[in-house]
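First up is the structure itself, then whatever we jot down about it.
The values are calculated or read from the model by the stated rules, or taken from the named source; none is laboratory data. Because the structure is a prediction, the values reported are computed rather than measured. Cβ atoms come from the backbone with ideal geometry, glycine included; neighbour counts cover every protein chain shown. Heavy atoms of the whole protein, side chains included, go into the accessibility calculation; ligands, DNA and RNA do not. Shrake-Rupley method; radii C 1.70, N 1.55, O 1.52, S 1.80 Å.
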Amino acid sequence: MSDDKQDVVMFPGWRKELENKTYEAIQKKYYEEALLHIKKLEDFNEASHDIITAKVIAYVELARYDEAISLCRRLMREDQDHYYKYLHIYLTILFQTSQYQDLIELLDEIFETETVPFEYQDAFQQLYDVSADMRASASETESVEHINHFIEALENGNFQEQWKLLSYHRKHEVDPYLEMVKPYLSDTRLNPVIKTGILQWFMEEKVEEAVEVEKFGESDHVRPVELNDVLDTSFAKSVIHYLEDVEQNDPTLFEFLKQILYRYLYIKFPFAPQPTQNNVTDLGEAVLLLAQQYLQLNEGVDKHQEATPEQQEWMKDIERLEKIYFSQIGE
């Protein structure tokens, strides 16, 4: 707290108002505004665990990764009650910023010296395994500079090779290679995750030409320039809006279930149903139940038994595609 605020008390009503404004700003993606509200709470030592978690989220969404990493490191030292939650966020940031070596070295130390709680073991292991694969493939593909290598990988390569080359070429214009690459969007042999990555490349380059996309037996022609990204479709927005109460009560849980929703819709993209009250509610509840199950919340309760038959079908579909997503990435 600054010196001029040492003897000033923040009344509960003001604290609650700032907290609500913070959560509302995060929900509306006004991350700079959220940080201003958080700063006021911190000035009076009134920033709760959830508020600090919101601060980390704001830093990440603003791509202020160094600040997010620094804050996570401090919180892991100072807030032992929530150590593994902050560690999970920290590891995720390292993964998102391709700091695979740092992630692997940290988890090597943690696995050797600590007993990781059960609810985090699978998530940490998946991050470790995928990072190890990405690190290994990086050294093999650093010298790749020609699109023919990418095309060859799409024909014959494994997932890691395809994804690494796709990541490389997405830094360049797609127009010279458009006619070579677009047939693979309708190739039934190609991994749906790779297809989404290619389609996002086309979207980034504002490709106006209609391209045929096939996934899971469904086929359609789409114009990439007209597509909204995975979580910006009307269906995704409706599901996230349905789950907004979770964000107010547990921002960390909300971010986790949003990741589940993102992976599910990412694999199916650009195919998504038109939002209706029933399918939005059923998918929202399915994602929430699975997130609670993965985090071992309400341990001992069978989440599938709690769900309606429709929600059970969504859960089964999500779990099926999660296996495809992680098995392909971790091959």
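Do we have R135 as outside any loop (DSSP other than H, G, I, E, B), closer than 23 Å to E42 by Cβ, open to solvent by 50 Å² or more (accessible area, probe 1.4 Å) and of a type outside the set (V, I, T) here? Considered against the rule, which asks whether it is outside any loop (DSSP other than H, G, I, E, B), closer than 23 Å to E42 by Cβ, open to solvent by 50 Å² or more (accessible area, probe 1.4 Å) and of a type outside the set (V, I, T), R135 comes out as no. For region 93-105, the count of residues that are surrounded by 15 or more Cβ atoms within 10 Å (Cβ to Cβ), hydroxyl-bearing (S, T, Y) and farther than 30 Å from L253 by Cα is zero. With a requirement of 2 or more residues that are of a type in the set (G, A, S), none of the helices (runs of 4 or more DSSP H) lying completely within region 159-208 satisfies it. Restricting T196, T188 to those that are touching a residue at least 12 places away in the same chain (Cβ under 8 Å), hydroxyl-bearing (S, T, Y) and open to solvent by 70 Å² or more (accessible area, probe 1.4 Å) reduces the list to T188.
Residue-wise test of (1) of a type outside the set (V, I, T); (2) in contact with a strand residue (DSSP E or B) (Cβ under 8 Å, 6 or more places away or on another chain).
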| site | (1), (2) |
| --- | --- |
| V116 | no, no |
| R135 | yes, no |
| L154 | yes, no |
| E161 | yes, no |
| G197 | yes, no |
| Q200 | yes, no |
| E212 | yes, yes |
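In the set I69, I57, only one residue is under 14 Å from Y23 (Cβ atoms) and β-branched (V, I, T); that residue is I57. Taken together, D50, D122 contain a single residue that is open to solvent by 30 Å² or more (accessible area, probe 1.4 Å), over 23 Å from L18 (Cα atoms), assigned to a helix (DSSP H, G or I) and touching a residue at least 40 places away in the same chain (Cβ under 8 Å), which is D122.
Residue count for region 23-42 under the criterion of being open to solvent by less than 30 Å² (accessible area, probe 1.4 Å) and more than 20 Å from K237 (Cα to Cα): the result is 5.
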